[in-house]
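Chemist: The following block contains the structure, expressed as structure tokens.
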Amino acid sequence: MNNDYNEIITEEENLPEEPQKKKNGALREAFDWLEIIVLSLAFVLVFFTYFGRLAVVQQTSMLHTLEPGNTLFISDVFYEPEIGDIIVFHAPDSANIHDEPLIKRVIATGGQSVYIDFPNWAVYVYDDPECKYNTLEDIKAAGITPLPEEYIKNNKAYKPEQTMNFVGKMYPVRLEEDELFVMGDNRQVSSDSRAFGPIKESYVLGKVITRLFPISEFGGVD
């Protein structure tokens with residue numbers, strides 16, 4: 001009789017321990033998730049502080065390579081500008097067009113010369129330290145060929161029957177060693193180096209590394 005009573009008491013004393021164990025387990029799991037979230041946020045903060053940042057396309061000057069609303073990851077870590085790169089940069093004061101950064105394509109880099117044949121949509125980029133090639137005839141006679149620019153020829157915004165927009169700048173334009181000549185892929189609406197001239201390399205915030213959003217277009221951008 002006493003043994004049966006002791007067994008009943010022991011079982012009743014153990015009953016409250018199970019809910020307590022579940023409660024402790026739930027707290028531990030919550031703290032584990034909190035730790036993961038905090039560490040993840042710290043990683044994101046460090047990553048975007050030292051390795052890159054996000055940029056959202058606001059304008060239509062890069063149609064249809066980039067669409068308004070596209071979210072991009074850009075980075076300037078060990079970055080050396082090259083022709084064809086898509087970059088994000090601060091607009092020069094001479095632009096007087098936007099407060100937010102601009103997104104354009106690098107057409108020429110420091111020390112190069114740029115000549116644009118507007119009726120034929122041909123952009124010539126060449127080295128000319130002695131300033132020998134000052135006309136289209138000079139350039140063609142020297143065997144200099146225009147940039148291939150497949151991103152223009154395959155662009156839905158490209159209308160070859162129209163003359164590329166001209167804003168009165170004299171060509172060729174010769175770049176200083178720390179300058180870049182930039183243009184938008186949507187040439188007829190883009191305000192770029194044709195209007196505000198070359199930009200300083202120090203204005204560059206970073207090169208577009210990948211498109212993050214929309215997810216369906218995730219990946220590199222050419």
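The values are calculated or read from the model by the stated rules, or taken from the named source; none is laboratory data. Not measured: the values here are computed from a predicted model. Neighbour counts run over all protein chains shown; Cβ positions are idealised from the backbone, glycine included. For accessibility, only protein heavy atoms count, side chains too; no ligands or nucleic acids. Shrake-Rupley method; radii C 1.70, N 1.55, O 1.52, S 1.80 Å.
Chemist: Scan Glu217, Glu201, Glu137 and give me the residue that is touching a Gly at 6+ places or on another chain (Cβ under 8 Å) and at negative phi.
Modeler: Working: Glu217 fails: touching a Gly at 6+ places or on another chain (Cβ under 8 Å); Glu137 fails: touching a Gly at 6+ places or on another chain (Cβ under 8 Å).
Going through Glu217, Glu201, Glu137 in turn, the sole match is Glu201.
Chemist: For the range 131-222, list the helices (runs of 4 or more DSSP H) that sit wholly inside it and hold at least 2 residues that are under 25 Å from Glu100 (Cβ atoms); which are they?
Modeler: Per the criteria, 150-153, 193-196.
Chemist: Of all residues in the range 68-85, which are open to solvent by 60 Å² or more (accessible area, probe 1.4 Å) and under 16 Å from Leu102 (Cβ atoms)?
Modeler: Correct list: Pro68, Asp76.
Chemist: On to the next question. It is to be established whether one or more residues within the range 195-203 are within 19 Å of Pro68 (Cβ to Cβ) and within 19 Å of the chain's Cα centre (by Cα).
Modeler: no
Chemist: Taking the range 64-119 on its own, how many of its residues are more than 27 Å from Glu161 (Cβ to Cβ) and charged (D, E, K, R)?
Modeler: Number of matching residues: 7.
Chemist: Would you check which residues across the range 91-117 are at pLDDT 95 or above, surrounded by fewer than 18 Cβ atoms within 10 Å (Cβ to Cβ) and not in a strand (DSSP E or B) and list them?
Modeler: Gly110, Gly111
Chemist: Please list, ordered by first then second residue, the pairs with beta carbon atoms under 7 Å, 6 or more apart or interchain, first in the range 198-222 and open to solvent by 70 Å² or more (accessible area, probe 1.4 Å), second in a loop (DSSP other than H, G, I, E, B) and polar (S, T, N, Q).
Modeler: Short answer, once both residue conditions are applied: Phe213/Asn70.
Chemist: Then there is this: Could you grab me the full set of residues in the range 118-140 that are open to solvent by 40 Å² or more (accessible area, probe 1.4 Å) and under 29 Å from Tyr79 (Cβ atoms)?
Modeler: Within the range 118-140, Asp127, Pro129 qualify.
Chemist: With the structure loaded, tell me whether Gly143 is at pLDDT 95 or above, out of contact with any Cys (no Cβ under 6 Å at 6 or more places or on another chain) and open to solvent by less than 50 Å² (accessible area, probe 1.4 Å) or whether it fails that test.
Modeler: Taking the combined requirement at face value, the residue does not satisfy it.
Chemist: Yes or no: the range 14-26 includes at least one residue that is among the hydrophobic types (A, V, I, L, M, F, W, C), at pLDDT below 65 and open to solvent by less than 80 Å² (accessible area, probe 1.4 Å).
Modeler: Here is the first cut: in the range 14-26, the residues among the hydrophobic types (A, V, I, L, M, F, W, C) are 15, 26.
Narrowing the set further to residues that are at pLDDT below 65 leaves 15.
Checking which are open to solvent by less than 80 Å² (accessible area, probe 1.4 Å) leaves us with none.
The answer is no, given that none of the residues of the range 14-26 is among the hydrophobic types (A, V, I, L, M, F, W, C), at pLDDT below 65 and open to solvent by less than 80 Å² (accessible area, probe 1.4 Å).
Chemist: Within the range 155-171, is there a residue that is modelled with pLDDT of 95 or more, farther than 30 Å from Asn70 by Cβ and not aromatic (Phe, Trp, Tyr)?
Modeler: No, the range 155-171 contains no residue that is modelled with pLDDT of 95 or more, farther than 30 Å from Asn70 by Cβ and not aromatic (Phe, Trp, Tyr).
Chemist: Next question. Return yes or no: is Glu176 over 28 Å from the mean Cα position of the chain (by Cα) and surrounded by fewer than 17 Cβ atoms within 10 Å (Cβ to Cβ)?
Modeler: no
Chemist: Taking Val189 and the conditions (1) out of contact with any Pro (no Cβ under 7 Å at 6 or more places or on another chain); (2) under 20 Å from Asp76 (Cβ atoms), which numbered condition does it fall short on, given that it satisfies the others?
Modeler: (2)
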